[in-house]
Structures are given as C-alpha cells and as structure tokens.
Amino acid sequence: MPLRENLPLTANQAANIEEKKLYSDSAARNTSVILEVLSQYLPQKGKVLELASGTGQHCTYFAKTFYNLEWQPSDIDPKRLDSIKAYIQEIDQANINTPLLLDVTASDWAKKINDYDVIITINIFHLISNREMKNLIRESSFALKKNGYFMIYGPFMRSGELTSDQDFQFHNSLINYDQEIGYKDDFDILDEIEENNLSPEAVIEMPANNLMFIAKK
C-alpha cells in the first residue's frame, strides 16, 4: 500500500517531515551515476526491493525517475525508517511503498518477502561481516524471480588489494572499529554470486573507485 493519501501537507506536517529527514553526502553524489546503470537493466514493469535503504535519498530519487516500477525500501534502524518515510511523504509518489523493517544480514528473511524483479543494495557490504554478506546474497537470490537482477554498489578490493590511499584509510578505520567488517574482495563477491544461482553479467567501474556488480538469476 502507498504510504500517503495524496493530501496537501500542512505547515506543521512539512516541518515534521524536514526534521526526520537524514542526509548523506555520498548518497547525494552517487545517485545519478547509479541511476545511469539502472536505466540499462531495470525492466519496464515490476517490483524493486532496495536493501538497507539508509536515509531514503536513493529510493525516492529512483522512484520518481522509474515511475512505472513499484519500489520497496527497507532498513533495520528506526531513525532511518523514519527518514525514508519522510522522504516518501515529501515526493508524494504512488509507486513507492512504506519501508519494511528488515534485517538483510539475517538468515531466512526471503521467506517473508520474495518475488521481486530487481534487488538493489548500495554501500552496505563494507559495513557487514563475511558471514552476513553470504546471508545477504543467498537470501537475495531466494527473493528474486527467475531472470531477475541483483545489483550491488559500493567500495571493494580488487584481487585482494586496496587500490587507493583513501580506500586504505577507510578500510582500516572500519576494521579498527570492528575486525569482522571492512572491504570485501571483488572475486569473493563473484564467487558467492555464482554459488547462489546467480550469473554475473557485469562488473562496472564507478566514480570514486566504487564498483557495481550486475547479476541475473
């Protein structure tokens, strides 16, 4: 069901929305370049699930552009869920749903939600452990329809190597915070994709030394 009732917002409602909205500089920077890749692979119609939608900047931007698709954001953090709802209320698009409370690193979440044409995840893999990464890819495969697309965007190692000083510093700050997280290797991602009934179609170099993986079920 759509989140809104398509009624004009009062001044108090508008102020409440603005107060709940979170903002990410990286999301503001990378949205348009991710959209360029999505435009090459998204179907004309269907359902798109975004895992760990964060602030809500990505899903609302994409929903406005690809208005023929049904967009389903998700997250596990209450403040981010409130932010996503605020962004949705602001754009007033009928093709984007209320965000789901979803832990995408858990086992068996695909039993609750499935049958998606596309699943997208942006800037999450370096923030989770290898075990959680395996869970995320496995469950995403289960949740996809046959011939559906799984898309991953973010920073990764190349053949086990960090390829810039900025990546080296960021990766080390992550593992200093938690030894189980940090950059994943591109080959490990491809191996995990193939082990879960997904066929890699492209690995695309993106700005700021990021990668985008495109896989098809």
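The values are calculated or read from the model by the stated rules, or taken from the named source; none is laboratory data. Predicted model, so just to flag it, every value in this text is computed and none were measured. Cβ placement follows ideal geometry from the backbone for every residue including glycine, while neighbour counts extend to all protein chains displayed. Just so you know, the surface numbers come from the protein's heavy atoms only, side chains and all, with ligands and any DNA or RNA stripped out. Shrake-Rupley method; radii C 1.70, N 1.55, O 1.52, S 1.80 Å.
The listed residues are ALA94, ALA106, and the only one of them that is open to solvent by 30 Å² or more (accessible area, probe 1.4 Å) and over 21 Å from LYS145 (Cα atoms) turns out to be ALA94. The residue of the stretch 189-207 that is surrounded by the fewest Cβ atoms within 10 Å (Cβ to Cβ), among those that are under 13 Å from MET157 (Cα atoms) and either in contact (Cβ under 8 Å) with a residue 24 or more places away in the chain or of a type in the set (Asp, Glu) (or both), is GLU205.
Just one of the numbered conditions (1) open to solvent by 10 Å² or more (accessible area, probe 1.4 Å); (2) free of Cβ contacts under 8 Å to residues at least 60 places away in the same chain is not true of ASN210: (2).
Of the residues making up the stretch 138-168, those that are within 24 Å of SER39 (Cβ to Cβ) and in a helix (DSSP H, G or I) are SER140, SER141, ALA143.
Where in the stretch 21-124 are the helices (runs of 4 or more DSSP H), entirely inside, with at least 3 residues that are under 22 Å from ILE137 (Cβ atoms)? Let's see the steps before the verdict.
On the way: elements: 25-41, 57-65, 78-91.
Hits in the stretch 21-124: 25-41, 57-65.
Would you check which residues across the stretch 110-121 are open to solvent by less than 10 Å² (accessible area, probe 1.4 Å) and more than 13 Å from the chain's Cα centre (by Cα) and list them? First the steps, then the outcome.
Residues of the stretch 110-121 open to solvent by less than 10 Å² (accessible area, probe 1.4 Å): 110, 118-121.
The answer is ALA110, and nothing else.
If I filter the stretch 122-145 for residues that are over 21 Å from LEU49 (Cα atoms) and either exposed (fewer than 13 other Cβ atoms within 10 Å of the Cβ) or not hydroxyl-bearing (Ser, Thr, Tyr) (or both), do I get at least one hit? Checking the stretch 122-145: at least one residue is over 21 Å from LEU49 (Cα atoms) and either exposed (fewer than 13 other Cβ atoms within 10 Å of the Cβ) or not hydroxyl-bearing (Ser, Thr, Tyr) (or both).
For the stretch 45-52, does any single residue satisfy the condition of being of a type in the set (A, V, I, L, M), open to solvent by 20 Å² or more (accessible area, probe 1.4 Å) and at pLDDT 95 or above? Spell out the reasoning first.
Step one: list which residues in the stretch 45-52 are of a type in the set (A, V, I, L, M), which gives 48-49, 51-52.
Next, from what is left, pick out any that are open to solvent by 20 Å² or more (accessible area, probe 1.4 Å): 52.
Checking which are at pLDDT 95 or above leaves us with 52.
Yes, the conditions are met somewhere in the stretch 45-52.
Can you confirm whether ILE175 is farther than 21 Å from HIS58 by Cβ, assigned to a helix (DSSP H, G or I), open to solvent by less than 10 Å² (accessible area, probe 1.4 Å) and not hydroxyl-bearing (Ser, Thr, Tyr)?
Details: farther than 21 Å from HIS58 by Cβ: yes; assigned to a helix (DSSP H, G or I): yes; open to solvent by less than 10 Å² (accessible area, probe 1.4 Å): no; not hydroxyl-bearing (Ser, Thr, Tyr): yes.
The answer is no for ILE175.
Does PRO78 satisfy being without any contact (Cβ under 8 Å) to a residue 24 or more places away in the chain and either under 18 Å from ILE34 (Cβ atoms) or open to solvent by 50 Å² or more (accessible area, probe 1.4 Å) (or both)?
Numbers: without any contact (Cβ under 8 Å) to a residue 24 or more places away in the chain: yes; either under 18 Å from ILE34 (Cβ atoms) or open to solvent by 50 Å² or more (accessible area, probe 1.4 Å) (or both): yes.
Taking the combined requirement at face value, the residue satisfies it.
Total residues in the stretch 53-65 satisfying the condition of being open to solvent by 30 Å² or more (accessible area, probe 1.4 Å) and either over 18 Å from ASN97 (Cα atoms) or not β-branched (Val, Ile, Thr) (or both): the figure is 2.
Quick check on this structure: which one of TYR153, TYR183, TYR116, TYR177 is over 20 Å from LEU211 (Cα atoms) and in contact with a helix residue (DSSP H, G or I) (Cβ under 7 Å, 6 or more places away or on another chain)? Quick ask: steps written out before the conclusion?
On the way: TYR153 fails: over 20 Å from LEU211 (Cα atoms); TYR183 fails: over 20 Å from LEU211 (Cα atoms); TYR177 fails: in contact with a helix residue (DSSP H, G or I) (Cβ under 7 Å, 6 or more places away or on another chain).
From the options TYR153, TYR183, TYR116, TYR177, the qualifying one is TYR116.
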